[in-house]
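Notes to accompany the following structure.
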Amino acid sequence: MKIWEGDPMIRNPVLPGFHPDPSILRVGADYYLATSTFEWYPGVLVHHSRDLVNWRPLGGILTERRLLDLSGVPDSGGVWAPDLTYANGLFHLVYSVMDTYAHGYKDVANYLVTAPAVEGPWSDPVRLPGRGFDAALFHDDDGTAYLLNMVFDSRPGRGFSGIELQPLNGGTPRLILENRSITEGPHIYRVDGWYYLMVAEGGTGYEHCVSVLRSRSLEGPYEADPAGPMLTSRHDPGLELQKAGHGCLVRTQGGEWYLAHLAARPYSPRGRCVLGRESAIQRVEWQDGWPRVAGGVPAVEVPAPDLEPHPWPAEDGGWSTLRRPASPDWVRFEGGRVTVSGGQSPYGRRAPSLVARRVTAQRCRFGTGVTFEPGSVHQSAGITAYYNSRNWYHLALTTDGVVLTGSDRGARTVHFTAAGTASRLELELDGPILRFSYDGHAIPVELDATILSDEHADEIIDGQIRSFGFTGAFVGLWVQDLAGEGCEAVFEDPAYQLADGVAEVAAQGGA
């Protein structure tokens, strides 16, 4: 098969910023990439490509409470590891909803929805059996569908217990793989008479990897590739793409193979990852009956497949909303204007009023015009650089004036206050430094942007998990009405820009 010379390359990450746990799928000439969304709506973002190089956003699949209820989910809870497949004329989406993951428990449910087109309409969710998460479907050649998931044992001292398989229409579950150093993210592929089991191992941090096992029988036993992990960054802290793991295979129309996987770009060697876990793609070659990536490490540039290049017109990636779907009762999008009604405090998990977008580069800006008159000390409105409910910065208009507040693992600090009001608020991310300004006046405080990172959000106390960091940094619009007195703020022409001034998003379009 010809590898292009001088033609487009896949440049990783193909989906920068918070886009983890990619599930890749080809239907005809169309490629779809679905990613985890955790506590953010819309649930399960999908991107579309015709060449694996250029990707356009299609929005989210789980856009309403009928499909997904995130009320009360913890930070980095909610939607974990979606799996998108296609069979019998239908798209199938399996996803996990994590309500609790702390103190040795995993309160998680797996669901299935289907649709005739990736744009929907999607069926009502069906609860699936199984005790674990990262569930996926395998459609065998005879038409039988199987449910695959990792098994979690909540008894003290147990935990990750392996990979389980069972027919989707019922039947006895079978453990096909015993635990191998925290095994999750399973997928099965049938190629040339072999069943290949792909799993993620080593956790989701710097020891992460993709491993492949195979068997002549679907139910095993499975033997591991003697060459070791298919993909990992664990041995080289100098690689640009770290934490490589959680893989998913796709075969092109011409018979070429590629692997979608998550990765992260720390601000220093093995340091903090403000951008979160991102999606990347590697070329796969078959050697001795095994799918392998060159060197077993992630590359930033990868030869594109032998497909006609298919760039897309620039499109708005859209907004995301925290723990509740965007609806006219609290947020309205009208041309270049976004009107937001006030919601809960930063630590509320039911009805916050935060409308935000992913940070996709270490150096970027976000700014907006704002009109807001606080009616009491309980009300505020402004812009935010946000990771989760315990780690954020907020420049807001309040009854005390223009106030810049930060929260570092739940400890709040007022960094700046100025009397009066303002009509424009801006922020700038400059690598590990975060700066704010109002009406063209720079606030004379340089803030630590790295608290908005996966690593800082992880909190483990006395060996017990308090909070995970599985998402990534956001910038956006935040309105608070702590006493429920009724208030709204109008934001004019909010825009996110990379450091070179290229605008990536404006206010048009909903979440």
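Within the range 308-325, how many residues are crowded, with 19+ Cβ neighbours inside 10 Å and not polar (S, T, N, Q)?
Quick first cut of the range 308-325, residues crowded, with 19+ Cβ neighbours inside 10 Å only: 317-325.
Of the ones still in play, those that are also not polar (S, T, N, Q) are 317-319, 322-325.
Final tally of qualifying residues: 7.
For the range 236-270: of the residues being acidic (Asp, Glu) and more than 20 Å from the chain's Cα centre (by Cα), which is surrounded by the fewest Cβ atoms within 10 Å (Cβ to Cβ)?
Going residue by residue through the range 236-270, those that are acidic (Asp, Glu) are 236, 240, 256.
Now restrict to residues that are more than 20 Å from the chain's Cα centre (by Cα): 236, 256.
Details: Asp236: 12, Glu256: 20.
Among those that are acidic (Asp, Glu) and more than 20 Å from the chain's Cα centre (by Cα), it is Asp236.
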Go through the range 428-484 and count every residue that is within 28 Å of Pro20 (Cα to Cα), exposed (fewer than 15 other Cβ atoms within 10 Å of the Cβ) and modelled with pLDDT of 95 or more.
-> 3
Applying the selection to the range 326-371, what residues are crowded, with 23+ Cβ neighbours inside 10 Å and among the aromatic types (Phe, Trp, Tyr)?
-> Phe366
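Give the range 342-384 a look and list any residue that's among the hydrophobic types (A, V, I, L, M, F, W, C), closer than 18 Å to Gly317 by Cα and part of a strand (DSSP E or B), or say none.
Within the range 342-384, Leu354, Val355, Ala356, Cys364, Phe366 meet the criteria.
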Do we find that Leu404 is hydrophobic (A, V, I, L, M, F, W, C), under 30 Å from His19 (Cα atoms) and either out of contact with any Cys (no Cβ under 8 Å at 6 or more places or on another chain) or in contact (Cβ under 8 Å) with a residue 12 or more places away in the chain (or both) in this structure?
-> yes
List the number of the failed condition for Leu213; all other conditions in (1) under 20 Å from Ala264 (Cα atoms); (2) of a type outside the set (S, T, N, Q); (3) touching a strand residue (DSSP E or B) at 6+ places or on another chain (Cβ under 6 Å); (4) modelled with pLDDT of 95 or more hold.
-> (1)
Listed by first then second residue, the pairs whose first member lies in the range 46-67 and is closer than 21 Å to Ser96 by Cβ and in the same structural domain as Pro116 (by TED's automatic domain parsing), whose partner is surrounded by fewer than 17 Cβ atoms within 10 Å (Cβ to Cβ) and modelled with pLDDT under 95, with beta carbons under 8 Å and at least 6 positions apart or on separate chains, are none
Would you pick out the residues in the range 214-266 that are closer than 30 Å to Gly193 by Cβ and of a type in the set (Ser, Thr, Tyr)?
-> Ser215, Ser217, Tyr222, Thr232, Thr252, Tyr258
Return yes or no: is Asn12 surrounded by fewer than 19 Cβ atoms within 10 Å (Cβ to Cβ) and either under 30 Å from Arg155 (Cβ atoms) or in contact (Cβ under 8 Å) with a residue 60 or more places away in the chain (or both)?
-> no
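So for the range 70-83 (the condition being among the β-branched types (Val, Ile, Thr), over 24 Å from Gly247 (Cβ atoms), in contact with a strand residue (DSSP E or B) (Cβ under 8 Å, 6 or more places away or on another chain) and not in a strand (DSSP E or B)), does at least one residue qualify? If you could, list the steps in order and put the result at the bottom.
Residues of the range 70-83 that are among the β-branched types (Val, Ile, Thr), as a first pass: 73, 79.
If we keep only those that are over 24 Å from Gly247 (Cβ atoms) as well, we get 73.
Imposing the further condition that a residue be in contact with a strand residue (DSSP E or B) (Cβ under 8 Å, 6 or more places away or on another chain) reduces the set to 73.
When the remaining residues are screened for being not in a strand (DSSP E or B), the result is 73.
Yes, the conditions are met somewhere in the range 70-83.
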Only one of Pro309, Pro298 is in a loop (DSSP other than H, G, I, E, B), in contact with a Pro (Cβ under 7 Å, 6 or more places away or on another chain) and farther than 30 Å from Tyr347 by Cβ, namely Pro309
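The values are calculated or read from the model by the stated rules, or taken from the named source; none is laboratory data. What you are looking at is a predicted structure, and each value in this text was computed from that prediction instead of being measured. Cβ: placed from backbone, ideal geometry, glycine included. Neighbour counts: every protein chain shown.
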